[in-house]
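The values are calculated or read from the model by the stated rules, or taken from the named source; none is laboratory data. Not measured: the values here are computed from a predicted model. As a convention, Cβ positions derive from the backbone with ideal geometry for all residues, glycine included, and neighbour counts pool all protein chains shown.
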Amino acid sequence: MRSSTNASSTTTAAGTFTGTVIALSLSSEHNFSKPNVSSITLLAGLGVAGDCHAGETVQHRSRLHIRPAPTNLRQVHLIPLVTLQERGLKPGEMGENIVTSGLDLLGMPTGTKLLFVGGSADDEGDASNGDNGGKEGPLAAEQRNHIKHPMTHDAMPPVKDDETVPPPPPTIVLTGVRNPCPQIEKFRKGLQETFIVRDADRKIVHRLAGVMAVVEVGGVVKPGMRIEAVVPSTTIAEGENSYNGPLQPV
């Protein structure tokens with residue numbers, strides 16, 4: 001059974017929550033930072049088209065020597081806007097693919113699905129970058145974020161013969177957290193430790209450098225799109241396929 005040393009201090013109840021895509025980045029080369037782009041294309045089972053970390057097996061340089069090659073659980077890297085703002089960083093400087101607002105990504109369990117749908121969370125009354133100064137409120141504030149999931153099949157009206165079933169939205173599944181690596185320290189002295197929370201014995205209890213995900217449904221993602229986070233019930237059981245607990249380093 002996995003440990004829960006990266007468990008968020010905020011418990012996220014099962015349900016659906018909304019956020020916003022703020023910025024997107026990709027790079028075909030293994031540089032620490034990535035340039036911003038106007039859109040990215042997610043490829044099912046692979047990652048971000050044209051990005052150096054896309055692939056069925058892990059593409060991070062520190063792990064390319066491992067044989068057999070591990071499954072790529074780090075296809076997409078996401079980080080909250082507030083995490084960057086608190087450290088004076090700009091989107092793309094941490095090498096992430098997607099900057100988000102309005103979601104407590106680190107408080108979500110493994111297996112959480114993020115669906116990217118048209119429109120902006122602002123249209124739904126989400127204060128993604130406004131009244132709270134750009135800071136993301138806890139998901140426990142369900143009166144602000146909790147909505148019924150419109151993609152649930154039993155909530156959808158029957159399709160008539162002359163109607164076309166809309167394609168599923170681009171979807172990724174959270175697999176774990178990014179481990180704050182020494183490259184962060186090379187980028188800016190003292191920065192690495194700001195992404196680490198330690199206990200009284202100096203043991204790492206939280207990692208704050210964003211989350212990793214794999215692509216379940218491909219498609220195009222653009223800034224301003226709404227993110228629907230479908231959080232599963234938290235269950236921890238033996239075996240890799242039965243774990244829906246706190247995110248761990250991958």
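A few remarks follow.
- Only one of the numbered conditions (1) at pLDDT below 95; (2) part of a loop (DSSP other than H, G, I, E, B) is violated by T16, and that is (2).
- E93, sole failed condition from (1) part of a loop (DSSP other than H, G, I, E, B); (2) modelled with pLDDT under 95: (2)
- In segment 176-209, the residues that are free of Cβ contacts under 8 Å to residues at least 40 places away in the same chain, assigned to a loop (DSSP other than H, G, I, E, B) and out of contact with any Ser or Thr (no Cβ under 9 Å at 6 or more places or on another chain): R188, K189, G190, D199, A200, D201, R202
- Exactly one residue out of G88, G111 is without any contact (Cβ under 8 Å) to a residue 12 or more places away in the chain, out of contact with any helix residue (DSSP H, G or I) (no Cβ under 7 Å at 6 or more places or on another chain) and of a type outside the set (A, V, I, L, M, F, W, C): that is G88.
- Annotation: of all residues in segment 74-90 being assigned to a loop (DSSP other than H, G, I, E, B) and of a type outside the set (D, E), the one that is farthest from F195 (Cα to Cα) is Q75.
- Segment 14-33, subset over 11 Å from E96 (Cα atoms) and among the aliphatic types (A, V, I, L, M), residue surrounded by the fewest Cβ atoms within 10 Å (Cβ to Cβ): A14
- Residue, surrounded by the most Cβ atoms within 10 Å (Cβ to Cβ), within segment 34-56, restricted to residues that are touching a Lys or Arg at 6+ places or on another chain (Cβ under 9 Å) and farther than 22 Å from E228 by Cα: D51
- Top-ranked residue in segment 96-112 [being part of a helix (DSSP H, G or I) and hydrophobic (A, V, I, L, M, F, W, C); ranked as farthest from the chain's Cα centre (by Cα)]: L106
- Residue pairs meeting the criteria (Cβ under 7 Å; at least 6 apart or on separate chains; first over 22 Å from F116 (Cα atoms), in segment 45-66; second of a type in the set (V, I, T) and at pLDDT below 95): T57/T71
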